[in-house]
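For reference, the structure is listed below as structure tokens.
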Amino acid sequence: MTDPRARDGLVTLTGTAAWHYQREAAESRTSDVPGVPGIDNAITFTQAPDARHATDAIAARCGAMPCWRRTRCRSRRPPAGW
């Protein structure tokens, strides 16, 4: 959940995210808005996921192997941050 607030063009993002990519996605989408000269990303993480949690999340989405390694997967590139 993200709560953006703007003042004099500067946008401050607050709220929580479970994953780093969610925090970065909120900042990226905000930076695409015309007239936004700066962003203060103050989004915090609900908890730091451990490696097992990350592996389970990948397996649930893509099967036992990360989808960028499978031959029939649409995305051949590893996710950002890999």
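If you take the residues of the stretch 16-25 that are surrounded by 15 or more Cβ atoms within 10 Å (Cβ to Cβ) and closer than 9 Å to ILE43 by Cα, which of them is farthest from the chain's Cα centre (by Cα)? By that ranking, first place goes to ALA17.
Against the conditions (1) surrounded by 13 or more Cβ atoms within 10 Å (Cβ to Cβ); (2) at pLDDT 75 or above; (3) not small (Gly, Ala, Ser), ARG7 satisfies every one except (1).
Anything in the stretch 26-50 that is over 12 Å from ASP3 (Cα atoms), surrounded by 14 or more Cβ atoms within 10 Å (Cβ to Cβ) and among the aliphatic types (A, V, I, L, M)? List them, or say none. Correct list: VAL36, ILE39.
Restricting the stretch 18-43 to residues that are without any contact (Cβ under 8 Å) to a residue 40 or more places away in the chain and in contact with a Ser or Thr (Cβ under 7 Å, 6 or more places away or on another chain) leaves a set whose member that is farthest from HIS53 (Cα to Cα) is VAL36.
ARG69 satisfies every condition listed in (1) surrounded by 10 or more Cβ atoms within 10 Å (Cβ to Cβ); (2) over 14 Å from the mean Cα position of the chain (by Cα); (3) at pLDDT 70 or above except (3).
The values are calculated or read from the model by the stated rules, or taken from the named source; none is laboratory data. No experiment lies behind these values; they were computed from the predicted model shown. Ideal geometry is used to build each Cβ from the backbone, glycine not excepted, and the neighbour counts take in all protein chains shown.
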